[in-house]
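To keep things clear, I will list the structure first and then write my remarks on it.
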Amino acid sequence: MKTVSYRKDNQVLLGVKTDKGILDVAAAVAKYSEFASAPTSAMELIDRGQEGNDLLAKLAVAASGDDALYLAEESLDLEACVPNPSKIICVGLNYRKHADECNLPYPPSPLLFSKFNNTLSGNGDDVKLPENSSQVDYEAELAIVIGKTTKNVSKDEALSYVYGYCNADDLSARDLQMKTSQWLLGKTLDGFAPLGPYLVSADEVPNPNALNIKAFVNGEERQNSNTSDMIFYCDEIISYISEHFTLYPGDVILTGTPEGVIHGYPKEKQVWLKDGDQVTIEIEGLGSLTNTLKK
């Protein structure tokens, strides 16, 4: 199942992507009382997992003849597809060729840092360029969305704790990131974690460790790789994190970026993101996430 979260009348609403458009879940639930228990927000859907997916699938079938319940996707003001995660955990230097282009050794264990909820933005949102940085970079990333409380899970079991996946752009202000030994400052600026457009349930992604992943700037391809180049695969990342702290439904894990970021270019070829630049992230089966940088 593919879902979106969108803003309307100061609310964040849930929609289901279908061949007819985006099903307005709240309106459909109001009309079809037998589905009153269906989840009406992304966080409720994630928490209820397959049972919630099944209810929404049945609701979409029941509502399929009512065109008034479907919205044109391009008309929606999309929110991050996971609107309010309790944690946003990121993995650094997790692609072999990306570590190579940065002339850095492969980390012996996942290199973790965090972003906060102020970084969230949705497909189509403008992202403000920080006034105190001149080195803003893109990073195409696969995001894991946790579906069940996760603590001390084995690698073999880890993927069964995943609700789904989405595109992410780990935007980074490199001059701020490298200002100290801690990366947080350059990673946690407002809007610097676009997620979406879709939250895609895990049953539609049979192998997250074998997905094509790309980034484009103003239509020019900058990154083109596959998640198979990750140093630590999705199951390893989840298991490792869960050894140290508990993950909860809706927590988001950004799994690292492949080669092709501006930071990896020779210094004479580094042209950082500027006002009006449009960045698009595409991952196989997850749709296309586009944001524009603005002063």
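Please treat every number below as a calculation from the coordinates, not as lab data. Quick caveat: nothing in here was measured; it's all calculated off a predicted structure. For neighbour counting, all protein chains shown are included, and Cβ atoms are generated from backbone atoms with ideal geometry for every residue, glycine included.
Computed extension length for residue 151-residue 248: 34.0 nm, one decimal, from 0.36 nm per residue of separation with the Cα-Cα distance subtracted. Each residue of region 274-286 is assigned a 3J(HN,Hα), and the resulting list reads 9, 3, x, 5, 10, 10, 10, 10, 10, 10, 3, x, 10 Hz, derived from the Karplus form 6.51 cos²θ - 1.76 cosθ + 1.60 (θ = phi - 60°), x at Gly and Pro.
A simple rule links phi to the HN-Hα coupling: the Karplus curve 6.51 cos²θ - 1.76 cosθ + 1.60 with θ = phi - 60°, which for region 41-49 gives 9, 4, 5, 5, 4, 4, 5, 8, x Hz, with x for Gly and Pro. What is the helix-to-structure angle for 234-244, meaning the angle in degrees between its Cα long axis and the longest Cα principal axis of the chain, kept from 0 to 90 and rounded to the nearest 10? On a 0 to 90 degree scale, this one is about 80. Using only side-chain charges placed at the Cβ, +1 for Lys and Arg and -1 for Asp and Glu, the dipole size of region 209-295 relative to its Cα centre rounds to 480 debye.
Computed from backbone phi with θ = phi - 60° and the Karplus coefficients 6.51, -1.76 and 1.60, the 3J(HN,Hα) list for region 72-77 is 6, 4, 5, 8, 8, 8 Hz; x is used for glycine and proline. Relative contact order for region 9-86: what is it in percent, counting Cα pairs under 8 Å that are at least 6 residues apart? RCO, region 9-86: 35 percent. Magnitude of the charge dipole for region 2-77, about its Cα centre and with charges confined to Cβ atoms of Lys, Arg (+1) and Asp, Glu (-1), is about 40 debye.
Extending 7 Å from the Cα toward the beta-carbon at both residue 112 and residue 97 defines two label points whose distance is 2.9 nm. Residues whose amide H comes within less than 5 Å of that of residue 120, counting only those at least five positions distant or on another chain, are 191, 193 (H built at 1.01 Å from N in the peptide plane). Amide H contacts under 5 Å for residue 18: 23, restricted to partners 5 or more places along the chain or on a different chain, H placed in the peptide plane at 1.01 Å from N. For the chain, a simple Cβ point-charge model (Lys and Arg +1, Asp and Glu -1, everything else neutral) yields a dipole of about 580 debye relative to the Cα centre. Per-peptide packing, taken as the mean over residues of other Cβ atoms within 10 Å, places 151-160, 276-285 in the sequence 276-285, 151-160 from highest down.
Take every Cα pair under 8 Å in region 175-295 that's 6+ residues apart, average their separations, divide by the length, and report that relative contact order as a whole percent. It would help to have the intermediate numbers written out before the result.
Numbers: 137 pairs, mean separation 34.0, N = 121.
Value for region 175-295: 28 percent.
Cβ-to-Cβ counts within 10 Å put 255, 149 in ascending order as 149, 255, the fewest first.
FRET efficiency for the residue 33 to residue 8 pair, using the beta carbon distance and R₀ = 30 Å, is estimated at 0.85. Annotation: amide H-H contacts under 5 Å for residue 162 (H modelled 1.01 Å from N, sequence separation of 5 or more, or interchain): 147.
For the pairs 97/155; 87/187; 187/294, note any where the Cα-Cα span goes beyond 21 Å.
In this structure, 97/155 exceed 21 Å between Cα atoms.
Using a cutoff of 8 angstrom between alpha carbon atoms and counting only pairs six or more residues apart, the relative contact order for region 83-294 works out to 34 percent.
The Cα center of region 58-95 and the Cα center of region 221-267 differ in position by 22 Å.
Dipole of the chain computed with +1 at Lys/Arg Cβ and -1 at Asp/Glu Cβ about the Cα centre; of 201, 144, 18, farthest Cα towards the positive end is 144.
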